[in-house]
Amino acid sequence: MAMHLAWLYYFSMSHQFISDALKSAQSTLEKFIADDQNTVLIEKAIDTFLTALKGDGRIMACGNGGSMCDSMHFIEELTGRYRKDRDPISAIPMGDAGHLTCVANDYGFEYIFSRNVQAWGRKGDALLAISTSGNSENVIRAVEMAHSKGMKVVGLLGKDGGKLKDMVDVPIVVDCPITDRIQEIHIKLIHIFIEGIERTLYPEHYQA
């Protein structure tokens, strides 16, 4: 009997936890959507990426931890495929383990992305810089290097935007204190970026 009651209590608590998590994600998205400026910034971000690609440039992306996974997801959807087959879109990730450990060991962790931008970035390219705090030092250095190269930078940020809010060309900030909620919006935005790029370069994929 006691085991049965314990299970019922656990199930009830688990159900509430799941419901609360979904409602929290929903409210974070609704808050983001309610700010019309975010739609304007998303459109500007897509235009930034398209300008780079149409000028024979490329897209680069960086971030730490889950944000690195998001940055690599963005790139692989461009170089691979999203919804339909097409030619690969010029884009470079920054997740190579050899590079990361070499630069971190020889120069410091704060240089792991900026060295990549220094090596591969060109005037007219675009960088997607992801930081849920807006204060990641290695992302900040990558943005500084990108600007020194004449690149444009889109920032996917969180909380109050941190230092990067005033450094990037297009700051998209998810105003939320919870990192995983921020990341959930970031991945949605990444998918919107990809669709926006494809809708311009491959409009036939989206015809009814």
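The values are calculated or read from the model by the stated rules, or taken from the named source; none is laboratory data. Quick caveat: nothing in here was measured; it's all calculated off a predicted structure. In this analysis, Cβ positions are derived from the backbone assuming ideal geometry, glycine residues included, and neighbour counts consider all displayed protein chains.
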If you go through segment 175-208, how many residues are of a type in the set (Val, Ile, Thr) and in contact with a Leu (Cβ under 7 Å, 6 or more places away or on another chain)? 4
Restricting the first residue to segment 15-34 and requiring it to be over 19 Å from ILE192 (Cβ atoms) and of a type in the set (S, T, N, Q), which pairs with a second residue that is part of a helix (DSSP H, G or I) and at pLDDT below 95 meet a Cβ separation below 6 Å and a spacing of at least six or different chains? none
Sole miss for ALA52 among (1) surrounded by 15 or more Cβ atoms within 10 Å (Cβ to Cβ); (2) within 16 Å of the chain's Cα centre (by Cα) is condition (2)
Looking at this structure, is GLY155 on the phi > 0 side of the Ramachandran plot, at pLDDT 95 or above and within 17 Å of the chain's Cα centre (by Cα)? no
Can you tell me which of ILE33, ILE42 is under 22 Å from GLY134 (Cα atoms) and surrounded by 16 or more Cβ atoms within 10 Å (Cβ to Cβ)? ILE42
Might you check whether a residue that is touching a Cys at 6+ places or on another chain (Cβ under 9 Å) and either among the polar types (S, T, N, Q) or surrounded by fewer than 19 Cβ atoms within 10 Å (Cβ to Cβ) (or both) occurs anywhere in segment 69-86? yes
Restricting attention to segment 71-92, does a residue exist that is over 28 Å from ARG199 (Cα atoms) and either modelled with pLDDT of 95 or more or over 16 Å from the mean Cα position of the chain (by Cα) (or both)? no
